[in-house]
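These notes are about the structure you will find just below.
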Amino acid sequence: DEFEIFRKNYPGTKRGLETEFKTFKKHKDWKQVLPELNSKLSKQIKDRTKKSELGFFVPEWKNLQTYLNQRAWEEETGINNGSPSKDISIKIPTIE
């Protein structure tokens, strides 16, 4: 079962197969999305690993139920050019 493979590969907190699949099936297009889940998750895992290695902040994985409800597989991945943290200069007015 494709969804069970995806569920086992998901690095965050998860519940049982039936509970998570029931959450996933709430999406009208779940049958079209199912074949893509594992490849999208794999891409996100690689992206987060690379960001972490480069010193970027990488938040903890969402609970799987939250990931599914928020359609997080649709989140864009990729590393922006530039440094992990950019200094922002703020001009503070002086009092005379």
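The values are calculated or read from the model by the stated rules, or taken from the named source; none is laboratory data. Since the structure is predicted, the reported quantities are computational estimates derived from the model, not experimental observations. As a convention, Cβ positions derive from the backbone with ideal geometry for all residues, glycine included, and neighbour counts pool all protein chains shown. Calculation scope for accessible area: heavy atoms of the full protein, side chains included, ligands and nucleic acids excluded. Shrake-Rupley method; radii C 1.70, N 1.55, O 1.52, S 1.80 Å.
Pairing each residue of the range 1-20 that is among the β-branched types (V, I, T) with any residue that is open to solvent by 70 Å² or more (accessible area, probe 1.4 Å) and at pLDDT 95 or above, provided the two are 6+ apart or on different chains, yields C-beta distances under 8 Å for T13/N63. In the range 55-70, of all residues being open to solvent by 70 Å² or more (accessible area, probe 1.4 Å) and either modelled with pLDDT under 95 or in contact with a Gly (Cβ under 8 Å, 6 or more places away or on another chain) (or both), the one that is nearest to F3 (Cα to Cα) corresponds to N63.
Does the range 1-11 hold any residues that are surrounded by fewer than 16 Cβ atoms within 10 Å (Cβ to Cβ) and at pLDDT 95 or above, and which are they?
Correct list: E4, I5, K8, N9, P11.
Taken across the range 18-40, residues that are open to solvent by less than 60 Å² (accessible area, probe 1.4 Å), of a type outside the set (S, T, Y), over 16 Å from the mean Cα position of the chain (by Cα) and at pLDDT below 95 do not occur at all. Being within 25 Å of G78 (Cα to Cα) and among the basic types (K, R) is a description that applies to K40.
If you check S52 against the conditions, is it farther than 15 Å from N69 by Cα, within 13 Å of the chain's Cα centre (by Cα) and open to solvent by 50 Å² or more (accessible area, probe 1.4 Å)? Lay out the reasoning, then the answer.
Values: farther than 15 Å from N69 by Cα: yes; within 13 Å of the chain's Cα centre (by Cα): no; open to solvent by 50 Å² or more (accessible area, probe 1.4 Å): yes.
Against the criterion (farther than 15 Å from N69 by Cα, within 13 Å of the chain's Cα centre (by Cα) and open to solvent by 50 Å² or more (accessible area, probe 1.4 Å)), S52 does not qualify.
Number of residues in the range 27-45 that are out of contact with any Asp or Glu (no Cβ under 9 Å at 6 or more places or on another chain), of a type outside the set (A, V, I, L, M, F, W, C) and touching a residue at least 24 places away in the same chain (Cβ under 8 Å): the value is 4.
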